[in-house]
Amino acid sequence: MPVVDGWALRDVGNGGALIEGRGGIYEVYAGDPVPGLGRVDAIRKQDGRWVVVTSKGLIVSR
């Protein structure tokens with residue numbers, strides 16, 4: 001999946017994640033809708049790093 005431009009993963013913990021985009025910082029969990037991204041499908045480790053999987057692509061730390 002492609003990495004979503006303009007978004008960054010800030011922290012992961014307690015089953016959720018903090019993501020940051022142009023509209024601010026969001027605390028998200030699997031199943032949550034996020035404006036401009038669609039639904040959060042999963043928060044998981046992939047290739048040794050955390051990612052947030054959304055309908056539009058991946059959000060990774062920067």
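Show me the strands (runs of 3 or more DSSP E) found entirely inside the chain where at least 2 residues are at pLDDT below 95, within 9 Å of the chain's Cα centre (by Cα) and at negative phi.
Values: elements: 8-13, 16-21, 24-28, 38-46, 49-54, 57-60.
Output list is empty.
Report every pair of residues separated by at least 6 positions or lying on different chains whose Cβ atoms are under 8 Å apart, first residue within segment 1-24 and more than 14 Å from Ile43 (Cα to Cα), second modelled with pLDDT under 95 and exposed (fewer than 11 other Cβ atoms within 10 Å of the Cβ). Close Cβ pairs satisfying both conditions: Gly6/Arg22; Gly23/Pro35. Take segment 48-62 and flag every residue that is of a type in the set (Val, Ile, Thr) and out of contact with any Asp or Glu (no Cβ under 8 Å at 6 or more places or on another chain). Of everything in segment 48-62, those that are of a type in the set (Val, Ile, Thr) and out of contact with any Asp or Glu (no Cβ under 8 Å at 6 or more places or on another chain) turn out to be Val51, Val52, Ile59, Val60.
The values are calculated or read from the model by the stated rules, or taken from the named source; none is laboratory data. No experiment lies behind these values; they were computed from the predicted model shown. In this analysis, Cβ positions are derived from the backbone assuming ideal geometry, glycine residues included, and neighbour counts consider all displayed protein chains.
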